[in-house]
Amino acid sequence: MPTEEIIIDSAMSFAEAIEGSTAPLEIIDSLSMIDVNYYSFDGLRHQGQIVVEARLEDDVYEIFQLIEKLKFPVGKVIPIVAYRWEDGNSMADNNASAFNFRVIADTNKLSLHSFGRAVDINPVQNPVIYPAGLIAPAGATYRPQNKGTFIAKHPIVQEFIKRGWHWGGNFEQPKDYHHFEKT
């Protein structure tokens, strides 16, 4: 029986995945990179990589195992260094990511992404919707019935919550449907 071919979306070393980050060494030393498999919107099996805090590695790996089992489509999973640390570019490319040493948009407060404690999945299907109606990434729409979209009772959302994570779709403002975080 032939094995299913896997399309490699990312095959970086850890050093390549953090290259150019301005994060302090103590944060870099707390991170781990994991290989994850998923089905993308092309219906084919892909392999990507995600950088997270090492203590959250099992959660993220096991949730991606569920994502693969459910054949929940994921755009791609490539460390954000490939986007020159620009969150907007990663989101516009429908990239799932975690570690990115940066502040929360329109604040001077470090994001949980800065510590590898937040994961974004399918930003194009699950955008951020700000109170004034601005949507990021530009051109994205939130249509809960579409493939690759999260709703509160989705099994992946429920798995994150069961493990103590918070889902951005439950935030009062802004609604951040692609975002999961663990404080």
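Every read-out reported here was derived from the displayed coordinates using simple, explicitly stated rules and does not represent laboratory data. Here the structure is a predicted model, which means the values were calculated and not measured. Because the Cβ atoms are built from the backbone with ideal geometry, glycine has one as well, and the counts that use them run over all protein chains shown.
What does the helix-only formula give at 222 nm for the chain: each DSSP H stretch with n ≥ 4 adding -39500 (n - 2.57), the total divided by the residues, and the result rounded to the nearest 500 deg cm²/dmol? Walk me through the numbers before you get to the answer.
On the way: 5 runs with 37 residues, N = 183.
Rounded to the nearest 500, the figure is -5000 deg cm²/dmol.
For Rg and Dmax of the Cα atoms in Å, several values are listed as (1) 18.4, 70; (2) 15.4, 54; (3) 15.6, 47; flag the one computed from this structure.
(2)
Would you mind ranking GLU19, GLU4 so that the residue whose beta carbon has the fewest other beta carbons within 10 Å leads the list? Present the calculation step by step, with values, prior to reporting the outcome.
Numbers: GLU19 12, GLU4 8.
Lowest count first: GLU4, GLU19.
Need the full-extension length gain, TYR61 to LEU44, defined as separation in residues times 0.36 nm minus the C-alpha distance. One decimal, nm.
Gain on stretching TYR61 to LEU44: 4.2 nm.
Got a sec? How would SER40, SER10 order by Cβ neighbour count within 10 Å, fewest to most?
Result, fewest neighbours first: SER40, SER10.
What is the order of MET12, MET33, fewest Cβ neighbours within 10 Å to most?
Lowest count first: MET12, MET33.
Cα gyration tensor of segment 110-181, axes a ≥ b ≥ c as square roots of the eigenvalues: rounded (a/c below 1.5), prolate (a/b > b/c) or oblate? Working shown, then result.
Values: a/c = 1.73, a/b = 1.16, b/c = 1.48.
Since a/c reaches 1.5 but b/c is at least a/b, the shape of segment 110-181 is classed as oblate.
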